[in-house]
Amino acid sequence: MVISFQWSDAAFGAPWERIDESPPPHRFAGAEIDAAFHAERLTRHRDCQQILPHSRICRSGPLALLDARMLGSDIRAKAKATLLGRALTIEHHLDPVEREILDRMDGGIPMPDLIRIFRALQVDEPTVLAATRSLLRRQLVRIV
């Protein structure tokens with residue numbers, strides 16, 4: 001179990017809490033914990049709303065993606081993603097838009113292009129931006 005605390009800064013919004021579950025790390029994970037705080041602050045900063053729509057994003061590294069569904073059912077597949085090669089192997093549940101964003105990235109994609117693609121799929125811009133912020137927060141994508 002890892003428990004970390006940091007004082008909040010008003011520039012990053014209201015105080016927050018975050019719980020991620022991982023099997024015990026097999027090596028030092030301090031840098032990954034620091035990176036998680038950095039990603040959380042980045043996505044909560046006021047400027048993120050203005051910067052993100054003009055950014056280019058890409059996957060943060062190799063991802064393991066697991067889709068699970070009940071065969072013979074109309075229930076939508078549940079998807080999980082895990083960054084590979086990390087000391088902390090955290091499974092992140094994905095909503096359908098987050099899953100689709102990860103699928104559409106090969107080397108990186110400008111956000112205006114991603115927004116245009118999803119508009120054609122009847123998904124509005126605020127939904128795409130919220131899904132992208134969620135992926136950034138969980139370090140599954142990064143801004144390049």
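What follows draws every value from the coordinates through simple rules; no lab data is involved. As the structure is a computational prediction, the values presented were derived from the model and not from experiment.
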Compactness of segment 73-137 - radius of gyration and Dmax, Cα, Å: 13.0, 39
Segment 10-143, relative contact order [Cα under 8 Å, separation at least 6], %: 32 percent
Segment 42-81, relative contact order in percent, only Cα pairs under 8 angstrom and at least six apart counted: 29 percent
Rg and Dmax [Cα atoms of the chain; Å; Rg one decimal, Dmax integer]: 16.0, 50
Cα pair distances exceeding 16 angstrom across segment 24-64, given as percent: 57 percent
